[in-house]
Amino acid sequence: MKIGIADTTFARVDMGGIAIDEIRKHASVGLERYVVPGIKDLPVACKKLIEERGCDLVMALGMPGGAEKDKVCAHEASQGLILCQLMTNKHVIEVFVHEDEARNAKELAWLMEQRTREHAVNAVRLALRPKDLEKLAGTGQRQGFEDVGPARP
Ligand SMILES: Cc1nc2c(=O)[nH]c(=O)nc-2n(C[C@H](O)[C@H](O)[C@H](O)CO)c1C
């Protein structure tokens, strides 16, 4: 089992390093890292991690900025990541933290780390322990900020 980590230099936190640290706590798997300048470069990095470096699942980590052009960029990158999944039949876990989700740099750093770590656990579950995800179905999980919990009638 090999997990790929694609991340960017545009991000203001080392999301790739955090993801690798978290995955190592939960599983003994091969890891491949591929760093690109920005989120629009992630789809091909993910595809190469799968097709050329033998990854079974990839995490795509990035930080869209707060400007309108960054949001467009994020939407385009997301579409590329979905296409990559359909072309390769492998999961790409998109971990995007929009810079304007946080009120300041301190909260941004916290959110980027938290979301990355929680999705790294999801990546391990998806790759190795899918039954663990089944147990969490419909429980209102969120990555980063607090879980919202299940809705009850
Ligand atoms: C406008 C813009 N915004 C972002 C962003 O919010 N986050 C990010 O990671 N990268 C951004 N980029 C860079 C592109 O994703 C890409 O790296 C360049 O267009 C080079 O292909 C661009 C060009």
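Before moving on, here are some points about what is shown:
- Matching entry among Gly4, Gly66 (being within 16 Å of the ligand (Cβ to nearest atom), in contact with a helix residue (DSSP H, G or I) (Cβ under 9 Å, 6 or more places away or on another chain) and not hydrophobic (A, V, I, L, M, F, W, C)): Gly66
- The single condition among (1) near the ligand (Cβ under 8 Å from one of its atoms); (2) free of Cβ contacts under 8 Å to residues at least 12 places away in the same chain that Gly17 does not satisfy is (1).
- Of all the residues in segment 21-62, those that are in a loop (DSSP other than H, G, I, E, B) and either away from the ligand (no atom under 16 Å from the Cβ) or surrounded by fewer than 17 Cβ atoms within 10 Å (Cβ to Cβ) (or both) number 9.
- Residue check: Ala123 meets all listed conditions (1) within 13 Å of the ligand (Cβ to nearest atom); (2) under 13 Å from the mean Cα position of the chain (by Cα); (3) in a helix (DSSP H, G or I); (4) of a type in the set (Gly, Ala, Ser) but one, namely (1).
- Segment 3-20 - residue that is assigned to a loop (DSSP other than H, G, I, E, B) and touching a strand residue (DSSP E or B) at 6+ places or on another chain (Cβ under 9 Å) and, of those, surrounded by the fewest Cβ atoms within 10 Å (Cβ to Cβ): Thr9
- Cys73 meets the conditions (1) buried (at least 17 other Cβ atoms within 10 Å of the Cβ); (2) within 13 Å of the chain's Cα centre (by Cα); (3) within 16 Å of the ligand (Cβ to nearest atom) in every case but one. The failed one is (2).
Table: residues versus (1) in contact with a Lys or Arg (Cβ under 9 Å, 6 or more places away or on another chain); (2) assigned to a helix (DSSP H, G or I); (3) under 30 Å from Gly30 (Cβ atoms).
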residue	(1), (2), (3)
Gln79	no, yes, yes
Ile93	no, no, yes
Leu108	yes, yes, no
Leu111	no, yes, yes
Thr116	no, yes, yes
Leu133	yes, yes, yes
Gln143	yes, no, yes
Pro153	no, no, no
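Table: residues versus (1) free of Cβ contacts under 8 Å to residues at least 24 places away in the same chain; (2) more than 16 Å from Arg12 (Cβ to Cβ); (3) surrounded by 12 or more Cβ atoms within 10 Å (Cβ to Cβ).
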site: Pro64; (1), (2), (3): no, no, yes
site: Ile82; (1), (2), (3): yes, yes, yes
site: Lys90; (1), (2), (3): no, yes, yes
site: Asp100; (1), (2), (3): no, no, yes
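All of the numbers you see were taken from the coordinates with simple rules; none came from a lab. All values derive from a computational prediction rather than experimental measurement. Note: ideal-geometry Cβ built from the backbone for every residue, glycine included; neighbour counts use all protein chains shown.
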